[in-house]
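The values are calculated or read from the model by the stated rules, or taken from the named source; none is laboratory data. What you see is a predicted model, and the numbers here were worked out from it, not measured in a lab. Virtual Cβ from ideal backbone geometry, glycine too; neighbours counted across all protein chains shown. In case anyone asks, the SASA skips ligands and DNA or RNA and just uses the protein heavy atoms, side chains included. Shrake-Rupley method; radii C 1.70, N 1.55, O 1.52, S 1.80 Å.
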Amino acid sequence: MRIETVNEVPVQTVMGAGQLTVEFRKVGVLMEVTPTIESLRPGVASLNVSRLEVSSVSSLITTRNVDRPVFVKSAAQQTKITLAAGETFVFGGLKTRRTDHVEERVPILGAIPWLGLLFSSQQDIERNLDVLFFITPISSPRGEFPGAYDFKNNCALGLDAGLLESGKK
């Protein structure tokens, strides 16, 4: 199962003939998790995190009048988590801090030297982002794990109707 919390960042490349191409690159948190039901321990699941990648754009470099993002990427080794049905594992600590400089001005009046200061404003906006993943295995009435669970509608996803009906009785 692949879990992604990403944005797509455009990357511009100037080809030899001056032709500009744009590719999109995923930036954020990518995690691959493989759930396994422990056959010797009913109601227990193991989660094998085989890939964890965190990336972000650190700055922009301008070459040939084209802004190109500089990417920072880190990856973690494989890990295994064992949880009983209903237990929750919280994976976090992925923090991003960004400061944006915003400048606004009234058209024409804001461009007048000295007088334009009365018709313009500047501010720095600091944005903090914390990414948290909550992983909770849910057991079905037969002791099996149903897979994905829709917490908003309070139902398991991917189960056949017979299994859902037996859980209601």
_Checking the structure you have, find out if any residue of the stretch 6-18 is within 30 Å of P137 (Cβ to Cβ) and either modelled with pLDDT under 80 or exposed (fewer than 11 other Cβ atoms within 10 Å of the Cβ) (or both)._
no
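Within the stretch 69-85, how many residues are in contact with a strand residue (DSSP E or B) (Cβ under 7 Å, 6 or more places away or on another chain) and surrounded by fewer than 13 Cβ atoms within 10 Å (Cβ to Cβ)?
Total meeting the criteria: 9.
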_Of all residues being open to solvent by 60 Å² or more (accessible area, probe 1.4 Å) and of a type in the set (D, E, K, R) in the stretch 19-47, which is nearest to I135 (Cα to Cα)? Just the residue, please._
E32
_So, in the stretch 120-129, how many residues would count as being surrounded by 10 or more Cβ atoms within 10 Å (Cβ to Cβ) and under 16 Å from S56 (Cβ atoms)?_
1
